[in-house]
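Take a look at the structure below.
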Amino acid sequence: MSGASSPVDVIVVGAGPSGLVAALRLMDLGLTVLIVDAATAPAQESRAALMHAATIEILAEMGMIEELLERGVRTRAVTLADGGRRLARVPFDELDSPYPFALGIPQNETEAILSSRLEQRGQRVIRGVHVHTIGLIGEAYRVKGTRVHSDEPWEASAAYVVGADGKNSTVREHAGIPYDGASYDEDFILADVELAPSPMPADEARITLSPHGVTVIGLLPSGRHRIVATAPRGRETPREPDRAYLDDLLRTRGITTNTRDAPAWSARFRISHQIARRFRAGNILLCGDAAHVHSPAAGQGMNTGIADAFELARRIAEARAGDTDALDEYERVRTHAAEAVVALTDRITRIALVRTRPARLFRNTAIRLLTRQPGIRRALVRSISGIDRSPLPRPIPPMKDVR
Ligand SMILES: Cc1cc2nc3c(=O)[nH]c(=O)nc-3n(C[C@H](O)[C@H](O)[C@H](O)COP(=O)(O)OP(=O)(O)OC[C@H]3O[C@@H](n4cnc5c(N)ncnc54)[C@H](O)[C@@H]3O)c2cc1C
């Protein structure tokens, strides 16, 4: 048997971006924490590639801004196009934030920054432990797991348990919380690949709408581009799309560029939109993908998880100090945020997937007209950047030399 001999304040299950932020923030607030993950090593896939302003603000508040700005590339606007024709440009520089941009930074880099901060604080992720049982003994939770390499049992006790263990959360299952929602009909594909010529200026992300599907392209710090797209219908989607498949997809959607090399990473995936019916059961709390998943439109998954985790740490610290409403308040505020994100991403996905010619003409005209209105443009950019749902009080102090 191995694990922690004396109880801690909080056990965080899952060391993805949500779990790492929760653990770090809880430590900032003076609580004792253990963070445990089933994976024996950090994930190497780039996954979430866009960090929005609200997340940059949170990680700046936690003292990580220099590393982020050094490793990420700044995206200053999102453009919308129908085939080769630009419909609208939505600039982030209209944001009321010291960081009026999004950062192109792969999720594994973000996790590396968070993990190294954890190590600087004298804490490490306990890796290779699959948590399988959570029991309540008196006022403490006993969390039990198995070491994946040796099958040796592991256990530890805490006053609170944070389930940051992703979409198929064991913690959520143990808490008996249903995960309501539905899946989209489409297959999606993702590829990190070098494109030439670049289909848009280096500081823009582009969403191309076409009757053949939706394609989002942004620049990564490696110089490669991230492509996320709905897969063509009527043919089988390959598990790992190759150059020929991607070149064909770009050509049929009117995007005038070609791959230069084999993708560094490519994948096929299906998505759903789901929200946990409760974000808490007693002192077991959910955050990140364990609490909600949605369409990749506008890159909200990791960003929303980090905001949950930051808010959750504050509320657990308040509850520990005797505030009996704090955890209900967490659930109320972040359920509302998750519902807003699901509604936003669902709306974008459905608008983008319109196929008939009259509906597309109507949609394109509406996009052109609406995005010319400064008030609507600002509301859109606040929503996409997450500032509308941010747990940080405003105004955020300015940052020198950041533009
Ligand atoms: C292909 C792909 C592309 C994506 N692209 C984007 C994007 O462009 N933008 C965006 O914002 N989001 C994107 N996402 C979503 C984003 O990656 C997730 O929203 C994000 O990882 C959620 O973070 P998390 O910490 O909540 O959960 P996760 O990152 O899933 O981390 C959960 C952790 O819990 C651990 N774990 C699970 N079960 C147990 C257990 N029983 N015991 C111990 N540990 C356990 C896992 O090993 C894992 O490390 C993408 C996801 C995928 C798969």
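Bear in mind that the values in this text are calculations on the coordinates, not laboratory data. Only a predicted model underlies this, so the values are computations on that prediction, with no experimental measurement involved. Using ideal geometry, Cβ is built from the backbone for each residue, glycine included, and neighbour counts are taken over all protein chains shown.
Could you tell me whether the stretch 182-271 comes out rounded, prolate or oblate from its Cα gyration tensor? Rule is a ≥ b ≥ c as square roots of the eigenvalues, rounded for a/c under 1.5, then prolate if a/b exceeds b/c, otherwise oblate.
Judged from the Cα gyration tensor, the stretch 182-271 comes out prolate (a/c at least 1.5, a/b above b/c).
If you project the alpha carbons of the stretch 1-90 onto the principal axes, what extent comes out on each, in Å, largest first?
63, 27, 20
Relative contact order for the stretch 250-403: what is it in percent, counting Cα pairs under 8 Å that are at least 6 residues apart?
Reported relative contact order: 20 percent.
All other residues with a Cβ under 11 Å from the Cβ of PRO238 taken together, and with Lys, Arg as +1 and Asp, Glu as -1, what is their net charge?
Taking every other residue near PRO238 into account, the sum is -1.
What's the whole-number percent of alpha carbon pairs in the chain lying beyond 33 angstrom?
Roughly 32 percent, rounded to a whole number.
In what sequence, highest mean first, do 385-397, 188-200, 99-111 appear when ranked by Cβ atoms within 10 angstrom?
Put in order of decreasing packing, that is 99-111, 188-200, 385-397.
Sorting check: for 331-344, 239-252, which peptide has the highest mean count of neighbouring beta carbons within 10 Å, and how do the rest follow?
331-344, 239-252
Sorted by packing (mean other beta-carbon atoms within 10 Å per residue), highest first, where do 211-224, 295-308, 34-47 land?
The densest-packed peptide leads the list: 295-308, 211-224, 34-47.
Could you work out how far apart the two model spin labels at ARG243 and GLU329 are, taking each label as a point 7 Å from the Cα in the direction of the beta carbon, and quote it in nm?
Distance between label points: 5.7 nm.
Wrap a convex hull around the Cα atoms of the stretch 39-194, take a quarter of its surface area, and give that in square nanometres.
14.1
How big is D, in µm² s⁻¹, for the stretch 27-71 by Stokes-Einstein at 10 °C and 1.306 mPa s if Rh is the Kirkwood radius over C-alpha pairs?
It diffuses with D of about 120 µm²/s by this estimate.
For ARG235 and ASP93 in one chain, what is 0.36 nm times their gap in residues minus the Cα-Cα distance, to one decimal in nm?
Contour length minus Cα-Cα distance gives 47.1 nm.
Mind checking Rg over Rh on the stretch 314-403, alpha carbons, Kirkwood formula for Rh?
1.14
What does the charge count around GLU339 come to, taking other residues whose C-beta lies under 14 Å from its C-beta (Lys +1, Arg +1, Asp -1, Glu -1)?
The answer is +1.
Nearest-5 percent of antiparallel DSSP beta bridges in the chain?
70
Taking Rh as the Kirkwood radius, which is the inverse of the mean 1/r over Cα pairs, what is the Rg/Rh value for the stretch 233-309?
My calculation puts Rg/Rh at 1.14.
With N denoting the number of residues in the stretch 43-116, provide Rg(C-alpha) divided by 2.2 N^0.38 Å, to two decimal places.
1.23
Using the Karplus equation 6.51 cos²θ - 1.76 cosθ + 1.60 (θ = phi - 60°), what ³J(HN,Hα) coupling, rounded to whole Hz, does each residue of the stretch 85-98 give in order, writing x for Gly and Pro?
8, 6, 9, 7, 10, 10, x, 6, 5, 7, 6, 7, 8, x
For Cα pairs less than 8 Å apart in space and 6+ apart in sequence, what is the mean separation divided by the residue count of the chain, i.e. the relative contact order in percent?
Dividing the mean separation by the residue count of the chain yields 21 percent.
Which cross-chain or sequence-distant (5 or more) residues have an amide H under 5 Å from the amide H of TRP154, H modelled 1.01 Å from N in plane?
The answer is SER2, GLY145, THR146, ARG147.
With Cβ to Cβ distances under 11 Å as the rule, what net charge do the other residues near PRO153 carry (K, R +1; D, E -1)?
So the environment of PRO153 carries a net charge of -1.
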